[in-house]
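Accompanying notes for the structure given below.
The values are calculated or read from the model by the stated rules, or taken from the named source; none is laboratory data. Keep in mind it's a predicted model, so treat the numbers as computed, not measured. Don't worry about glycine lacking a Cβ; one is built from the backbone with ideal geometry, like all the others, and counts go over all protein chains shown. Remember, those area values only see protein heavy atoms, side chains included, never the ligands or the DNA or RNA. Shrake-Rupley method; radii C 1.70, N 1.55, O 1.52, S 1.80 Å.
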Amino acid sequence: MAAERPAFTVPGLTDAPRGNVRRLVFVLGDQLDDEAATFDGFDPAQDAVFLAEVRAESTVVWSSKPRTAMFLTAMRHFAQALHDRGVRVCYSRLDDSSNTHSLTGELDRAIARLKPGSVHAVQPGDWRLDHALRERGDVSIHEDRHFLCSHAQFAAHAKGRKQLRLEFFYREMRERHDVLLANGEPEGGQWNFDADNRGSFGKTGPQDVPPAWSAGRDAITEDVLALVNGTLAEHPGDLASFDWPVTRDQARSALGHFVTHVLPRFGAYQDAMWTGEPWLYHSRLSAALNLKLLRPMEVIRAAETAWRKGRAPLASVEGFIRQILGWREYVRGIYWRFMPDYVTRNALGASQPLPAFYWTGDTPMACLKACIGQTLEHGYAHHIQRLMVTGLYPLLLGVDPKAVHEWYLAVYVDAVEWVELPNTLGMSQYGDGGVMASKPYVATGKYIQRMSNYCAGCRFKPDTMTGPRACPFTTLYWDFLLRHETLLARNPRMALQVRNLGRLDAPTRDAIRTAAEAIRANDGTPPGAA
Ligand code: FAD
Ligand code: SF4
């Protein structure tokens, strides 16, 4: 049901009254929190807020229609809410004819118009913009208080460690923030219930999937969807089913829905996948969190309270909290510790282009078709779809990790570089050589068969490595082990998989290599299967 709301009425930069601004708060699209450090001491009588929509943020960093729409409508709602409260807000719209279409260009225009005494911004979520703002020298960059681990705390954690691993970081975070603890010990007697989080659905499929949370679309969102469809028509993705929380109130409502109806089943089926069920028992809160509509601790406490009140099992609640208190903070720490060279890492020397079907979903491989299809339709796939379907395939194929990174950054509504890059280049592509993950996440099509029903509707056979019905994941898995045998043999966690190569005789190895080469030469699809 569409909520009633007037269309966007915040003044554009060109119409803004000139001068008289004491502090100008420059709010980026992933910083929509009026309790951010830049708002400390904010005085509506003297200070102003500036937001800018620019084409470069959708083109320099290629961005799908759902992702761009998510940012723009959330920004407009945020600006409108401040404006309604009497805050002086200036806003550069994408369709403003004076728009320079670069964030620094728009900031220059805002400074020229408003003549602020000082300009303030929260640290951007990507290195490129952080660097650009710092280089200018006229913007005070404030720490991003949204996060639960500061750069200094992460540096202290990393100091003296040869390897960074989530598990140790996560325990520290539980202790520091007193989450799921009883007298300093983990609730339930163990820190991690990961072993309980890997269930699949069996033949009957998922049962009682709760209805998806929905806010409908108000006039501001409808305007943005029309704008994006009009001005970014050539960008991938579809807006017909756009239905994300785009205000803080909506995000809190989505959180409440998740905790009440979905969280109890989150844990057991965290890794499972099913055709036609894009959400299953996932929270869909990542975009709201990354745009700062929600604060991580309020999400964590809501889940913890559900367990304490007996409304959700500990394995689900711990599994969910681990993602936010653990993984989310951990990947951010990795990003800022290893940038800017992190994005250029390519430990496996992968150089293939990303198959063209990643932008269309037009592939005979049922698993990829389903996961890419829902990604383009909704701007969403859950973690195992991202890691073990759309991520696994380019890893096995040998795609340049930077090309994979650019796809992930473009297509998901929650994509911001600090979180996307370590997950893609590190966890999924092993491009960082083991900083994020202790071994490459590689598997044959049989893993996908176990965790989903995709293979039942596919022309390929997940247990077959060569021949016309061979599953490309399975062919490429064995080819991956053959190509990287020497490197992988040095990793004790890969020992079993590498040992299994010994079972393959020379003709089988040749047949695998030939089949894999044919897939590579045919843009990632087995010849004759398209
Ligand atoms: P849930 O399954 O309900 O999990 C709850 C929350 O935990 C998420 O909302 C998210 O905030 C956090 N979370 C879970 N896993 C991770 C993780 N590995 N790293 C950081 N936070 C996590 N997440 C993003 O927010 N933005 C991205 O651009 C992004 N790119 C990814 C790329 C790849 C290749 C992979 C493997 C994972 C990526 N993730 C990314 C992590 C994860 O897949 C998404 O956070 C999750 O699927 C979002 O759906 P959800 O909100 O329903 O999550
Ligand atoms: Fe995917 Fe292979 Fe299963 Fe087909 S058989 S759905 S390609 S894993």
- Query: Looking at (1) in contact with a helix residue (DSSP H, G or I) (Cβ under 9 Å, 6 or more places away or on another chain); (2) assigned to a helix (DSSP H, G or I); (3) not hydrophobic (A, V, I, L, M, F, W, C), which is the one condition that is false for GLY230?
  - Reply: (1)
- Quick one: ASP400 ticks every box in (1) more than 12 Å from ligand 2 (Cβ to nearest atom); (2) out of contact with any Ser or Thr (no Cβ under 7 Å at 6 or more places or on another chain); (3) open to solvent by 10 Å² or more (accessible area, probe 1.4 Å) bar one, so which box is it? (2)
- Query: Out of the range 183-202, which residues are touching a residue at least 12 places away in the same chain (Cβ under 8 Å) and not hydrophobic (A, V, I, L, M, F, W, C)?
  - Reply: PRO186, GLU187, GLY188, ASN192, ASP194, ASP196, ASN197, ARG198, GLY199, SER200
- Message: So, THR275, is that one in contact (Cβ under 8 Å) with a residue 60 or more places away in the chain, open to solvent by 30 Å² or more (accessible area, probe 1.4 Å), over 26 Å from THR38 (Cα atoms) and of a type in the set (Ser, Thr, Tyr) or not?
- Response: yes
- Determine whether the range 261-270 contains at least one residue that is open to solvent by 20 Å² or more (accessible area, probe 1.4 Å), modelled with pLDDT of 95 or more and either over 19 Å from GLU57 (Cβ atoms) or in contact with a His (Cβ under 8 Å, 6 or more places away or on another chain) (or both). yes
- Query: Which number in (1) in a loop (DSSP other than H, G, I, E, B); (2) without any contact (Cβ under 8 Å) to a residue 40 or more places away in the chain; (3) open to solvent by less than 10 Å² (accessible area, probe 1.4 Å) marks the one condition that THR424 misses?
  - Reply: (1)
- Among the residues of the range 323-339, which ones are within 8 Å of ligand 1 (Cβ to nearest atom) and either of a type in the set (Phe, Trp, Tyr) or in contact with a strand residue (DSSP E or B) (Cβ under 9 Å, 6 or more places away or on another chain) (or both)? TRP327, TYR330
- Can you name the helices (runs of 4 or more DSSP H) wholly within the range 444-495 that have at least 3 residues being more than 9 Å from ligand 2 (Cβ to nearest atom)? 472-483, 485-489
- Query: What single numbered condition from (1) hydrophobic (A, V, I, L, M, F, W, C); (2) in contact with a Pro (Cβ under 6 Å, 6 or more places away or on another chain); (3) within 16 Å of ligand 1 (Cβ to nearest atom) fails to hold for ALA529?
  - Reply: (3)
- Count of residues meeting criterion [surrounded by fewer than 14 Cβ atoms within 10 Å (Cβ to Cβ) and among the polar types (S, T, N, Q)] in the range 113-149: 2
- Got a sec? Which of TRP327, TRP359, TRP336, TRP307 is over 22 Å from the mean Cα position of the chain (by Cα) and of a type in the set (Phe, Trp, Tyr)? TRP307
- Query: Given the range 247-299, what helices (runs of 4 or more DSSP H) lie entirely inside it while holding 1 or more residues that are within 14 Å of GLN207 (Cα to Cα) and more than 10 Å from ligand 1 (Cβ to nearest atom)?
  - Reply: 263-266
- Item | Every residue from the range 381-395 that is more than 13 Å from TRP407 (Cα to Cα), near ligand 1 (Cβ under 6 Å from one of its atoms) and in a helix (DSSP H, G or I) | HIS383, LEU387
- Message: Looking only at residues that are of a type outside the set (A, V, I, L, M, F, W, C) and open to solvent by 10 Å² or more (accessible area, probe 1.4 Å) in the range 433-443, which one is nearest to ligand 2 (Cβ to nearest atom)?
- Response: TYR441
- Across the range 496-521, which residue is nearest to THR363 (Cα to Cα) among those that are open to solvent by 60 Å² or more (accessible area, probe 1.4 Å) and either assigned to a loop (DSSP other than H, G, I, E, B) or among the hydrophobic types (A, V, I, L, M, F, W, C) (or both)? ALA521
- Task: Would you confirm whether any residue within the range 7-17 is of a type in the set (Ser, Thr, Tyr) and either within 21 Å of GLY379 (Cβ to Cβ) or assigned to a loop (DSSP other than H, G, I, E, B) (or both)?
- Result: yes
- Which numbered condition TYR454 fails, given (1) open to solvent by less than 20 Å² (accessible area, probe 1.4 Å); (2) among the hydroxyl-bearing types (Ser, Thr, Tyr); (3) within 20 Å of ARG513 (Cα to Cα): (3)
- Given the conditions (1) within 25 Å of TYR454 (Cβ to Cβ); (2) in a helix (DSSP H, G or I); (3) away from ligand 2 (no atom under 16 Å from the Cβ), every one holds for ALA350 apart from (2)
- Among the residues of the range 178-217 satisfying the criterion of being among the β-branched types (Val, Ile, Thr) and surrounded by 10 or more Cβ atoms within 10 Å (Cβ to Cβ), which is modelled with the lowest pLDDT? VAL209
- Message: Can you confirm whether ASP432 is acidic (Asp, Glu), more than 9 Å from ligand 1 (Cβ to nearest atom) and assigned to a loop (DSSP other than H, G, I, E, B)?
- Response: yes
